[in-house]
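Undergrad: Sharing a structure below in structure tokens format, with a few things to ask.
The values are calculated or read from the model by the stated rules, or taken from the named source; none is laboratory data. Quick caveat: nothing in here was measured; it's all calculated off a predicted structure. A quick note on method: Cβ atoms are made from the backbone with ideal geometry, for glycine too, and the neighbour counts reach across all protein chains shown. Surface accessibility is based on the protein's heavy atoms, side chains included, excluding ligands, DNA and RNA. Shrake-Rupley method; radii C 1.70, N 1.55, O 1.52, S 1.80 Å.
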Amino acid sequence: ELKGIVFVIQSQSNSFHSKRAEDLKRDILKQAVDLGKELPTVLLIHQIDRHEGAWTILPLMTDFSVTYGRNSSWIFFCEEDTRIQVVKLVETLRRFDKSKEWFLGKALYDEESTIIHHYAFAENPTVFKFPDFAAGWALSIPLVNKLAKKLKSEPLKSDFTIDLKHEIALYIWQKGEGPHLTPVPEFCTDDVNSYKVDHCATTFSNFLPLCGEPVNKEDVFVAVKTCRKFHGDRIPVVKQTWEREAALIEYYSDYADISIPTVDLGVPNTDRGHCGKTFAILERFLNHTSPRTPWLVVVDDDTLISIFRLRKLLSCYDPSEPVFLGERYGYGLGTGGYSYITGGGGMVFSRTAVQKLLASKCRCYSMDAPDDMVLGMCFSGLGIPITHSPLFHQARPMDYPKDYLSHQIPVSFHKHWNINPVKVYFTWLAPNTEESRNGKKVGYNREDL
């Protein structure tokens, strides 16, 4: 029965991530050997590279159907940090009739309708369930075959991939004609050392990766994009919250204000995309900062970020590689589009990535083009992959299911809309949960937000 399960690890080609995925693959195969079972198939998504959009999974359904449609029972997906008890997983899947269409996972749902899901199910967002990828999720082969057939007659629309787990669940649901997600209690996101995990087929480590000492403060240059109209309300929030964590920080504006101070890059402010400004920041980083500074972080003036946690995370990446890191979105991936790092959550570049980009001829097609999308297009053309981290967030904490955030140590959130951004920072991102501010202890409860 184990050989009827095709394991698909949602891996990435960056060396840090691919090694972790290979470790998980080895662990699955070792468990199979120890059980004396025939070895299952274990695939790493980043190696299925015929598709730029392989990470969005739906474009792979035709291949899965052709290759595994006759001799397998389940496709089981997981993240590189998902831990799997193979015996328990086989027992769990055995409960479901493999000849029927099943979509199994740990269920997440929105408590209120949210922009990242295009305000879907606005009447009652709790009714629609979608899988927490960290716990693993499974599709029965009859459902894979049905999806492959549907994708042939109805190709994926060429638009945005913003929250993959929600969008996959929507596509499978087919406006009520397809299966809903069936919640499986054995798919867990509890830590492997938790007392709750005895019944779990999967577990997930709740941690921020640390691969040695955090990188030095002086190794991270922070560029804040702002403009004159936000100097008075957004910049004070940065100064009250995370500015103190940054050793090297500059504010880039359309107006030089010495009280902040801001640097006027000579690029007029635009109402939408800020491509001209961002490319000017990249040029400045390359030509006017120490060549020994390996990392650049570009954030908006309403991004809330933990530089302290980012320094830990960056200890896992090699800055001699072209690294472009943050929260990954996709555009037109069903029809040969590209992936990009969404700007609001923060875009992290190794100096090597900036050098390769600026050495190419890829530039903004207009000053107000969306900078994050143009960067994605450029890096895609250069064959430099996007590196995704779910710890960066384009939206506010309340735009994500509580259960999803409960197994994260977030690096960033974005937007000040209808929240107290200082309170959000000290609750979710401050180096200590109780940060001393003006001599007073400040501690907030996440449940209040």
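Undergrad: What are the residue pairs meeting all of these: first residue in the stretch 29-41, first residue without any contact (Cβ under 8 Å) to a residue 24 or more places away in the chain, second residue open to solvent by 80 Å² or more (accessible area, probe 1.4 Å), Cβ atoms under 6 Å, and 6 or more apart or on different chains?
TA: The qualifying pairs are 29/39.
Undergrad: Condition first: in a helix (DSSP H, G or I) and crowded, with 20+ Cβ neighbours inside 10 Å. Now tell me which residues in the stretch 365-398 satisfy that.
TA: So in the stretch 365-398, the residues in a helix (DSSP H, G or I) come out as 371-381, 397-398.
Within the stretch 365-398, 371, 372, 373, 374, 375, 376, 378, 379 meet the criteria.
Undergrad: Return only the number of the condition from (1) under 17 Å from residue 166 (Cβ atoms); (2) in contact with a Ser or Thr (Cβ under 6 Å, 6 or more places away or on another chain) that residue 77 does not satisfy.
TA: Tallying (1) under 17 Å from residue 166 (Cβ atoms); (2) in contact with a Ser or Thr (Cβ under 6 Å, 6 or more places away or on another chain), residue 77 fails exactly one: (2).
Undergrad: Answer yes if at least one residue in the stretch 233-255 is assigned by the TED database to the domain that holds residue 307, without any contact (Cβ under 8 Å) to a residue 24 or more places away in the chain and of a type in the set (Gly, Ala, Ser), and no otherwise.
TA: Checking the stretch 233-255: not a single residue is assigned by the TED database to the domain that holds residue 307, without any contact (Cβ under 8 Å) to a residue 24 or more places away in the chain and of a type in the set (Gly, Ala, Ser).
Undergrad: May I pose another question? I'd like the residue in the stretch 433-449 that is open to solvent by less than 90 Å² (accessible area, probe 1.4 Å) and over 21 Å from residue 116 (Cβ atoms) and, out of all such residues, is modelled with the highest pLDDT.
TA: Our first condition is that a residue be open to solvent by less than 90 Å² (accessible area, probe 1.4 Å); within the stretch 433-449, this holds for 435-437, 439, 442-446, 449.
After this cut, where a residue has to be over 21 Å from residue 116 (Cβ atoms) as well, the list is 435-437, 439, 442-445.
Working: 435: 33, 436: 35, 437: 35, 439: 36, 442: 40, 443: 43, 444: 44, 445: 51.
If we take residues in the stretch 433-449 being open to solvent by less than 90 Å² (accessible area, probe 1.4 Å) and over 21 Å from residue 116 (Cβ atoms), then 445 is modelled with the highest pLDDT.
Undergrad: Within the stretch 185-222, which residues are within 24 Å of the chain's Cα centre (by Cα), modelled with pLDDT under 85 and not β-branched (Val, Ile, Thr)?
TA: 205, 206, 207
Undergrad: All but one of (1) closer than 29 Å to residue 231 by Cβ; (2) in contact with a strand residue (DSSP E or B) (Cβ under 9 Å, 6 or more places away or on another chain) hold for residue 364, so report the exception by its number.
TA: Every condition holds for residue 364 apart from (2).
Undergrad: Do any residues in the stretch 290-303 that are at positive phi have Cβ atoms under 7 Å from those of residues that are assigned to a strand (DSSP E or B) and surrounded by fewer than 20 Cβ atoms within 10 Å (Cβ to Cβ), where the two are at least six apart or on different chains, and which pairs are they?
TA: none
Undergrad: Within the stretch 28-52, how many residues turn out to be open to solvent by 60 Å² or more (accessible area, probe 1.4 Å) and assigned to a helix (DSSP H, G or I)? Break it down stepwise before answering.
TA: In the first step, residues of the stretch 28-52 are kept if they are open to solvent by 60 Å² or more (accessible area, probe 1.4 Å); the result is 30, 33-39, 47, 49-50, 52.
In the following step, the residues that additionally are assigned to a helix (DSSP H, G or I) were identified as 30, 33-34, 47.
Result for the stretch 28-52: 4.
Undergrad: Within the stretch 328-350, work out how many residues are within 22 Å of residue 300 (Cβ to Cβ) and open to solvent by 20 Å² or more (accessible area, probe 1.4 Å). Spell out how you get there, then give the answer.
TA: Quick first cut of the stretch 328-350, residues within 22 Å of residue 300 (Cβ to Cβ) only: 328-331, 338-350.
From what's left, open to solvent by 20 Å² or more (accessible area, probe 1.4 Å): 328, 331, 338.
Going through the stretch 328-350 one residue at a time, the tally reaches 3.
Undergrad: Give the residues of the stretch 251-303 that are more than 15 Å from residue 371 (Cβ to Cβ), within 28 Å of the chain's Cα centre (by Cα), hydrophobic (A, V, I, L, M, F, W, C) and open to solvent by 10 Å² or more (accessible area, probe 1.4 Å), sorted by residue number.
TA: Correct list: 286 only.
Undergrad: Let me ask another. Could you list all residues from the stretch 67-94 that are farther than 21 Å from residue 34 by Cα and polar (S, T, N, Q)?
TA: Matches in the stretch 67-94: 67, 71, 72, 73.
Undergrad: Mind checking which residues of the stretch 53-73 are surrounded by fewer than 19 Cβ atoms within 10 Å (Cβ to Cβ), within 29 Å of residue 337 (Cα to Cα) and in contact (Cβ under 8 Å) with a residue 24 or more places away in the chain?
TA: The answer is 62, 66, 69.
Undergrad: Looking at the stretch 198-219, can you tell me whether even one residue there is free of Cβ contacts under 8 Å to residues at least 12 places away in the same chain, within 26 Å of residue 59 (Cβ to Cβ) and in the same structural domain as residue 126 (by the TED database)?
TA: Within the stretch 198-219, the first condition is being free of Cβ contacts under 8 Å to residues at least 12 places away in the same chain, and the residues that meet it are 198.
The next check asks that each one be within 26 Å of residue 59 (Cβ to Cβ); those that pass are none.
Checked against the condition, which is being free of Cβ contacts under 8 Å to residues at least 12 places away in the same chain, within 26 Å of residue 59 (Cβ to Cβ) and in the same structural domain as residue 126 (by the TED database), the stretch 198-219 yields no hits at all.
Undergrad: On to the next question. Out of 119, 109, I need the residue that is touching a Lys or Arg at 6+ places or on another chain (Cβ under 8 Å) and either not β-branched (Val, Ile, Thr) or not assigned by the TED database to the domain that holds residue 417 (or both). Which one? Even if it seems obvious, please write down each step before you answer.
TA: On the way: 119 fails: touching a Lys or Arg at 6+ places or on another chain (Cβ under 8 Å).
When all the criteria are applied, what remains is 109.
Undergrad: Somewhere in the stretch 233-242, is a residue in a helix (DSSP H, G or I), under 30 Å from residue 80 (Cα atoms) and of a type in the set (D, E, K, R)?
TA: no
Undergrad: Would you say residue 309 is crowded, with 20+ Cβ neighbours inside 10 Å and under 23 Å from residue 234 (Cβ atoms)? Step through it out loud before you land on a result.
TA: Values: crowded, with 20+ Cβ neighbours inside 10 Å: yes; under 23 Å from residue 234 (Cβ atoms): yes.
Yes, satisfied.
Undergrad: Applying the selection to the stretch 245-267, what residues are assigned to a strand (DSSP E or B) and touching a Cys at 6+ places or on another chain (Cβ under 7 Å)?
TA: 253, the sole residue that qualifies.
Undergrad: Right, another one. Does the stretch 238-245 include one or more residues that are farther than 17 Å from residue 296 by Cα and of a type in the set (Val, Ile, Thr)?
TA: Checked the stretch 238-245: at least one residue is farther than 17 Å from residue 296 by Cα and of a type in the set (Val, Ile, Thr).
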